[in-house]
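Reviewing the structure listed below.
The values are calculated or read from the model by the stated rules, or taken from the named source; none is laboratory data. Since we're looking at a predicted model, the values are computed, not measured. In this analysis, Cβ positions are derived from the backbone assuming ideal geometry, glycine residues included, and neighbour counts consider all displayed protein chains.
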Amino acid sequence: MNPSCNRFCPRLSSRQCSFHRVKLGSTVRCRDPSSSATYCTHFSILYTDYYYMKAILFDVDGTLLDTTEYIYKAFEYSLKKHHKPLKREYIGTIMGKPLEECYRILTSIDDVSQLAQSHNDFQKQNPHLSVPFPNTLKVLRSLKKSNYHIAAVTTRKKNTAIETLQQSGLFQYLDYIVTIDDVVYPKPHPESIQRALDYFGVSPKEAITW
């Protein structure tokens, strides 16, 4: 068994990668095509690369937390309240962008501060709609035991991001959180990622993002 694979996958047994099985919900077999590396057939990468990893950066929505209803219902509530109801199919086309930009695209209104406020109010009142994906806690516990630096990097507001991470039980496993309130240029601009790397004092080659 290659030590690098064992380090990244602390529950590795029977030549199966427990980390990827938990993450992807499927069995991924780790093979050793040479005498010096363990090969992951799913990601087509050499596990020796992971031996040097020091930090793992996770997105929040859709990665650590299943926030489908948390997000869609907030949009539906705010749009309906301000007489701009839209179907989910259309709302889904703008997901991942900063909140106010989403509302500008959806409504063609310049000042969307009231829409964004209603959206945030709904989410503050309904954090239970944000739930961790199956086995997320197990993965974070394993990474923590392996002494990785763990960060959450999100385009969400700090207050709602922290509240949902705390309620879900994930917050205690995170060493650092970068939100839209912490940067000038939110994702997909690299500033958020670089901020986390700088905090941990690691290079891009020593980190991986999910």
Exercise for review: With respect to Ile105, determine if the residue is among the hydrophobic types (A, V, I, L, M, F, W, C) and free of Cβ contacts under 8 Å to residues at least 12 places away in the same chain.
Suggested key: yes
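A quick yes/no check of all residues on (1) under 24 Å from Lys187 (Cα atoms); (2) of a type outside the set (Phe, Trp, Tyr); (3) under 14 Å from the mean Cα position of the chain (by Cα); (4) surrounded by 19 or more Cβ atoms within 10 Å (Cβ to Cβ):
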{"site": "Val131", "(1), (2), (3), (4)": "yes, yes, yes, no"}
{"site": "Leu137", "(1), (2), (3), (4)": "no, yes, yes, no"}
{"site": "Arg141", "(1), (2), (3), (4)": "no, yes, no, no"}
{"site": "Lys145", "(1), (2), (3), (4)": "no, yes, no, no"}
{"site": "Arg156", "(1), (2), (3), (4)": "yes, yes, yes, yes"}
{"site": "Thr164", "(1), (2), (3), (4)": "yes, yes, yes, yes"}
{"site": "Ser168", "(1), (2), (3), (4)": "yes, yes, yes, yes"}
{"site": "Phe171", "(1), (2), (3), (4)": "yes, no, yes, no"}
Point to revise | Residue match in region 5-20 (condition: crowded, with 16+ Cβ neighbours inside 10 Å, of a type in the set (D, E, K, R), assigned to a helix (DSSP H, G or I) and modelled with pLDDT under 85) | key: yes
Study note, to complete from the structure: Taking region 192-210 and keeping residues loosely packed, with under 13 Cβ neighbours inside 10 Å and not in a helix (DSSP H, G or I) leaves Gly201, Ser203, Trp210
Revision key, fill the gap. Looking across region 86-121 at residues that are among the basic types (Lys, Arg) and under 23 Å from Asp59 (Cβ atoms), the single one that is surrounded by the fewest Cβ atoms within 10 Å (Cβ to Cβ) is Arg88
Check your understanding: List, please: which pairs have Cβ atoms under 9 Å, are six or more places apart or on different chains, and start with a residue in region 77-98 that is within 18 Å of Asp121 (Cα to Cα) and end with one that is of a type in the set (Gly, Ala, Ser) and surrounded by 12 or more Cβ atoms within 10 Å (Cβ to Cβ)?
Key -> Tyr77/Ser118; Ser78/Ala116; Ser78/Ser118; Leu79/Ser118; Lys81/Ser118; His82/Ser118; Lys84/Ser78
Check your understanding: So which residues in region 58-111 are part of a loop (DSSP other than H, G, I, E, B), of a type outside the set (Val, Ile, Thr) and closer than 28 Å to Leu170 by Cα, if there are any at all?
Key -> Asp59, Gly62, Leu64, Met95, Gly96, Lys97, Pro98
Check your understanding: Just a yes or no: is a residue in region 115-132 of a type in the set (Gly, Ala, Ser), in contact (Cβ under 8 Å) with a residue 60 or more places away in the chain and at negative phi?
Key -> yes
Check your understanding: Does region 187-204 contain at least one residue that is acidic (Asp, Glu) and in contact with a Lys or Arg (Cβ under 7 Å, 6 or more places away or on another chain)?
Key -> no
